[in-house]
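Q: Handing you a structure now.
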Amino acid sequence: MSTIRLVLADDHRLFRQGLRQICETVGGFEVVGEAENGQEAVDLVYELEPDVILMDINMPVLDGVQATTLITESDLATQVVILTMHQQDRYVFEAVKAGARGYLLKDADGEELVAAVRAVYGGEALIDPTLATKLLDEFRRLSRGPSKEEDLGKLTGAEMEVLQFVAQGEDNKTIAKRLDISEKTVANRLLEIYQKLQVRNRTQAALVALRRGWVPLLPEE
């Protein structure tokens with residue numbers, strides 16, 4: 001069996017140490033890095049390209065949902081498993097919508113954790129059974145969807161500017177240059193757009209904008 005390379009992301013050092021001990025005791029895992037905030041987690045994934053990252057949902061700088069979005073938007077194969085104390089519907093839904101493949105409560109035992117990591121590494125999705133019903137209910141509720149006017153009203157003028165360029169196929173560097181802002185600002189506005197439109201990536205955001213007539217189709221050359 002291949003060794004599963006892990007990054008641990010949690011702002012509590014003692015909890016990270018506990019996770020490391022569990023993984024190293026079981027065997028078949030290699031902890032290649034640790035992060036104490038969401039931005040560090042993203043940076044480590046880009047640098048180390050682990051197989052799986054265990055991600056706390058509440059962290060400074062970037063929270064777990066924001067960090068998950070940035071990771072799943074990349075071309076990397078790293079899978080995200082959220083570990084959290086929260087059972088609220090919105091946390092579960094936002095994490096899964098951002099691209100997390102697993103969502104476990106922190107009171108899960110070591111065997112459940114190991115099984116979850118191996119399942120996600122093997123291409124499966126895993127949600128804590130106590131949360132699965134809540135997640136399905138939330139998807140059903142949102143499947144009706146708000147009107148396009150309601151969605152449009154959620155976006156600020158600055159976010160709409162970014163969305164228009166995204167819909168035209170521009171990358172973050174080009175958008176930053178066009179709007180005379182930093183690439184980091186563009187990325188932050190994109191995260192807000194994704195959350196408000198309830199999409200996972202720039203392609204889905206662009207499709208929403210085009211389908212709802214917020215951005216005109218470019219004329220053929």
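Q: Once the Cβ-Cβ distance between Glu30 and Asn201 is put in as r, and R0 is 25 Å, what FRET efficiency do you end up with, to the nearest 0.05?
A: Details: r = 29 Å, r/R0 = 1.16.
For Glu30 and Asn201, the calculated efficiency is 0.30.
Q: Per-residue counts of other Cβ atoms within 10 Å, averaged by peptide: what ranking do you get for 49-55, 166-172, highest first?
A: Details: 49-55: 23.0, 166-172: 17.0.
Sorting 49-55, 166-172 by mean packing, highest first, produces 49-55, 166-172.
Q: Continuing with this model, one more query. Which net charge results for the neighbourhood of Gln164, defined as the other residues with beta-carbon distances under 11 angstrom from its beta-carbon, given Lys and Arg at +1 and Asp and Glu at -1? Before the final figure, lay out the partial values.
A: Details: positive: Arg178; negative: Glu159, Glu161, Glu170.
Net charge around Gln164: -2.
Q: Follow-up. Here is the link list: Lys154/Lys184; Lys106/Lys154; Lys106/Lys184. Which ones come out longer than 29 Å on Cα distance? It would help to have the intermediate numbers written out before the result.
A: Values: Lys154/Lys184 21 Å; Lys106/Lys154 33 Å; Lys106/Lys184 31 Å.
From the list (Lys154/Lys184; Lys106/Lys154; Lys106/Lys184), the Cα-Cα distance tops 29 Å for Lys106/Lys154; Lys106/Lys184.
Q: Additional query: Given a Förster radius of 35 Å and the C-beta distance between Arg13 and Glu111 as r, what FRET efficiency does 1/(1 + (r/R0)^6) yield to the nearest 0.05? Present the calculation step by step, with values, prior to reporting the outcome.
A: Details: r = 24 Å, r/R0 = 0.68.
Efficiency for this residue pair is about 0.90.
Q: Further, regarding this structure: Using the heavy atoms of the protein chains and a 1.4 angstrom probe, tell me the accessible area per residue for segment 59-123 in square angstrom.
A: Numbers: 2670 Å² over 65 residues.
Accessible area per residue, segment 59-123: 41 Å².
Q: Further question: Subtracting the Cα-Cα distance from 0.36 nm times the residue separation, let me have the gained length for Leu210 to Leu76 in nm, one decimal.
A: On the way: separation 134, 0.36 × 134 = 48.24 nm, distance 2.74 nm.
Full extension of this stretch gives 45.5 nm more.
Q: Grab the Cα-Cα distance for Glu124 and Asp171, subtract it from 0.36 nm times how many residues apart they are, and report the gain in nm with one decimal.
A: Details: separation 47, 0.36 × 47 = 16.92 nm, distance 3.10 nm.
Taking Glu124 through Asp171 to full extension adds about 13.8 nm, to one decimal.
Q: Of all the accessible heavy-atom surface of segment 20-77, with the other protein chains kept in place and a 1.4 Å probe, what percent is carbon and sulfur?
A: On the way: 1070 of 2530 Å².
About 42 percent, which is the carbon plus sulfur part of the accessible surface.
The values are calculated or read from the model by the stated rules, or taken from the named source; none is laboratory data. Small disclaimer: the values here were computed from a predicted structure and weren't measured. Here Cβ is always computed from backbone atoms with ideal geometry, including for glycine, and neighbour counts include all displayed protein chains. These accessible areas exclude ligands, DNA and RNA; they are computed on the full protein's heavy atoms, side chains included. Shrake-Rupley method; radii C 1.70, N 1.55, O 1.52, S 1.80 Å.
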